[in-house]
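The values are calculated or read from the model by the stated rules, or taken from the named source; none is laboratory data. What you see is a predicted model, and the numbers here were worked out from it, not measured in a lab. Heads up, the Cβs are rebuilt from the backbone with ideal geometry, glycines too, and the neighbour counts pull from every protein chain shown. Each accessible area value is taken on the protein alone, full model and side chains, heavy atoms only, with ligands, DNA and RNA left out. Shrake-Rupley method; radii C 1.70, N 1.55, O 1.52, S 1.80 Å.
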Amino acid sequence: VQLQASGGGMVQAGGSLRLSCAASGRSLNNAAVGWFRQAPGKEREFVATITWRYGITQYTEAAKGRFTISRDIAKTTANLQMNSLKPEDTAVYYCAADYGPGLRTRISEYTYWGQGTQVTVSS
């Protein structure tokens, strides 16, 4: 499967962005899709994940209450709605996918990765 992330940009603190991850080449049935981010000088970290079949979700603590992960089955696209953005959310955001049951929160659990999309939040 190929993944294409989009939707990044520059916003002021308190603003919103919606990231999308479009999949092609293979169905996402029985897959989990995740969003990760990497800030300058920091390691890549987990943000949110969703199971494609049942839409079960899991978030990092920093994302809970502000970010919402969803999937559009017809468009084979996973979305990350980010509200109340903070400067510390500034990072390159990556989407990833892997096949098999259950949620995945670790980088090592994902086989397929899209290119990153830059999110910059100014104070």
Give the residue, chosen from ALA22, ALA74, ALA91, that is over 22 Å from SER123 (Cβ atoms) and surrounded by 15 or more Cβ atoms within 10 Å (Cβ to Cβ). ALA22
ILE50 - would you say it is β-branched (Val, Ile, Thr) and open to solvent by 50 Å² or more (accessible area, probe 1.4 Å)? no
Checking the conditions here, which among ARG71, ARG104 is in a loop (DSSP other than H, G, I, E, B), touching a residue at least 40 places away in the same chain (Cβ under 8 Å) and either touching a strand residue (DSSP E or B) at 6+ places or on another chain (Cβ under 8 Å) or closer than 18 Å to GLN4 by Cα (or both)? ARG104
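Which of the residues spanning segment 7-19 are open to solvent by 40 Å² or more (accessible area, probe 1.4 Å) and outside any strand (DSSP E or B)?
Of everything in segment 7-19, those that are open to solvent by 40 Å² or more (accessible area, probe 1.4 Å) and outside any strand (DSSP E or B) turn out to be ALA13, GLY14, SER16.
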Within segment 95-112, the count of residues that are modelled with pLDDT of 95 or more and either out of contact with any Gly (no Cβ under 9 Å at 6 or more places or on another chain) or open to solvent by 40 Å² or more (accessible area, probe 1.4 Å) (or both) comes to 8
Hey, does segment 113-122 have a residue that's open to solvent by 40 Å² or more (accessible area, probe 1.4 Å), closer than 14 Å to GLY7 by Cα, out of contact with any Ser or Thr (no Cβ under 7 Å at 6 or more places or on another chain) and assigned to a strand (DSSP E or B)? yes
I'd like to know if segment 86-95 contains one or more residues that are of a type outside the set (Lys, Arg) and in contact with a Cys (Cβ under 6 Å, 6 or more places away or on another chain). yes
Checked GLN58, GLN81, GLN4 against criteria (open to solvent by 40 Å² or more (accessible area, probe 1.4 Å), within 17 Å of ILE107 (Cβ to Cβ) and assigned to a strand (DSSP E or B)); the one match is GLN58
